[in-house]
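Just so you know, all these numbers are worked out from the coordinates, no wet-lab data involved. Since this is a predicted model, take the numbers as computed values, not measurements. With ideal geometry, Cβ positions are generated from the backbone for all residues, glycine too; neighbour counts draw on all protein chains shown.
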Amino acid sequence: MRASATEMQQVLMNLINNSMDAIDGKGGLVQVNTWRKDDQVVLEVADDGPGIPESYLQRIFDPFFATRPVGKGTGLGLSICYGIISEMGGKIIVNSAVGVGTTFRVRIPLRG
């Protein structure tokens with residue numbers, strides 16, 4: 001399957017919005033990088049927000065899992081991103097440390 005521009009836009013916007021929420025207007029940094037590695041395109045969204053507690057990391061891609069207060073999100077964004085990227089044959093990986101920040105790395109295979 002080829003990457004859909006609309007779906008990639010949805011993934012990117014969700015990851016950026018999550019990072020923006022994480023820094024919460026406190027002057028933090030959100031970085032977006034892309035590059036090619038071997039037979040993959042890599043997209044990375046990183047922030048220097050508060051980080052995700054380790055106890056949440058195994059659940060963040062679960063539908064309806066939310067860390068925000070009620071009314072501030074549905075808990076579907078990362079689940080939808082995971083589904084889109086998986087459907088494209090890719091992977092989405094998160095690295096996070098409390099007090100340091102969070103990085104989401106998306107890897108999508110190139111198709112000839």
Residue-averaged 222 nm ellipticity for the chain, from DSSP H runs of 4+ at -39500 (n - 2.57), nearest 500:
-9500 deg cm²/dmol
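Give the shape of the chain as rounded, prolate or oblate, defined through the alpha-carbon gyration tensor: a ≥ b ≥ c are the square roots of its eigenvalues, a/c under 1.5 means rounded, and otherwise the shape is prolate if a/b is larger than b/c and oblate if not.
Prolate.
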Picking from 58, 84, 17, whose Cα lies most toward the positive end of the charge dipole for the chain (charges on Cβ: Lys, Arg +1; Asp, Glu -1)?
84
Highest GNM mean-square fluctuation, the chain, Cα pairs closer than 10 Å: which of 98, 45, 11?
98
Extension gain from residue 93 to residue 33, taking 0.36 nm per residue of separation minus the Cα-Cα distance:
20.1 nm
Around residue 38: net Lys/Arg minus Asp/Glu count, Cβ-Cβ under 14 Å
+4
Point-charge dipole on Cβ atoms (K/R +1, D/E -1) for the stretch 1-50, about Cα centre, debye to 20:
160
Straight-line reach from residue 91: which lysines fall under 28 Å, measuring Cα to Cα and dropping same-chain residues less than 8 apart?
37, 72
Let's see if you can work this out: charge +1 on each Lys and Arg Cβ, -1 on each Asp and Glu Cβ, no other charges. What is the dipole magnitude of the chain about its Cα centre, in debye to the nearest 20?
180
With a Förster radius of 25 Å, plug the Cβ-Cβ distance of residue 64 and residue 13 into 1/(1 + (r/R0)^6) and report the FRET value to the nearest 0.05.
0.80
